[in-house]
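Let me begin by presenting the structure, written as structure tokens, before commenting on it.
Taken together, the values in this text are just the output of simple stated rules run on the coordinates, not laboratory data. Being a predicted model, the structure only gives us computed values, none of them experimental. As a convention, Cβ positions derive from the backbone with ideal geometry for all residues, glycine included, and neighbour counts pool all protein chains shown.
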Amino acid sequence: MARPSNQQIAERQEAQQVRETQDHNGSTGSETVTVASKLPMDFVLQLHDKVTRHEPVIGGGMREFAVYQQRFGAPTYIINGNSWAQNKGPHQQIQSGFAITHGIPKAFWEEWLDQQGNSDIVRNGMIFAHSDLASVTAHAKENENEKSGLERLDPADMKKFGLEKSDLRRAS
């Protein structure tokens with residue numbers, strides 16, 4: 001990976017100072033939200049910054065393009081998934097099929113939501129947050145029957161997939 005230029009480092013530091021100023025002027029930063037996820041796997045929330053890069057093109061010259069890279073020095077948060085080992089109990093709090101994660105800073109969540117608002121998991125309601133647990137529980141209960149498409153298969157109900165029980169053979 002190429003080493004960042006002095007200009008890129010200066011731009012990152014300036015952006016960090018702007019964010020810190022906004023954080024100090026905007027809120028105390030102590031507000032948190034509770035996040036609910038219907039995804040079966042744990043999910044990492046991280047912030048990204050848009051960076052402009054240049055690359056050579058065939059025939060000479062350079063072209064400019066934008067990439068998003070993980071924000072330097074920004075925290076990351078792990079959101080619990082709703083699955084667990086088949087013969088064990090859940091290791092996380094589950095409400096109506098949604099895994100609950102407490103203590104995500106509200107400012108971080110709102111910025112992440114601005115960056116990822118068009119992703120399928122957000123638009124389809126597979127991940128959402130509220131400031132209090134009662135609202136999260138109510139929202140989860142309303143969407144309990146929504147499917148993520150990543151649920152475990154039920155061997156007793158394979159006909160809806162066009163399969164018979166005899167089709168489920170183990171490899172020898």
Amide H contacts of residue 48 (H built 1.01 Å from N, under 5 Å, at least 5 apart or other chain) | 71
Could you work out how far apart the two model spin labels at residue 87 and residue 64 are, taking each label as a point 7 Å from the Cα in the direction of the beta carbon, and quote it in nm?
-> 6.0 nm
Measuring from label point to label point, each 7 Å out along Cα→Cβ, what is the residue 159 to residue 32 span in nm?
-> 4.8 nm
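Only Lys, Arg, Asp and Glu count, each charged at its Cβ (+1, +1, -1, -1), so figure out the dipole size of the range 44-172 about its Cα centre, rounded to 20 debye. It would help to have the intermediate numbers written out before the result.
Working: 15 positive and 16 negative charges, 95 e Å.
Computed charge dipole of the range 44-172: roughly 460 debye.
Starting from the range 51-80, pick out the chymotrypsin sites (Phe, Trp or Tyr not before Pro) whose DSSP state is loop and whose Cβ has at most 16 other Cβ atoms within 10 Å. Display every interim value, and only then the final one.
Values: sites: 65, 68, 72, 77; in loops: 72.
Taking the range 51-80 and a limit of 16 other Cβ atoms within 10 Å, the loop chymotrypsin sites (Phe, Trp or Tyr not before Pro) found are 72.
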Report ³J(HN,Hα) in whole Hz for each residue of the range 51-65, in order, from the Karplus equation J = 6.51 cos²θ - 1.76 cosθ + 1.60 where θ = phi - 60°; Gly and Pro get x.
-> 10, 8, 10, 10, 9, x, 10, 4, x, x, x, 10, 10, 9, 8
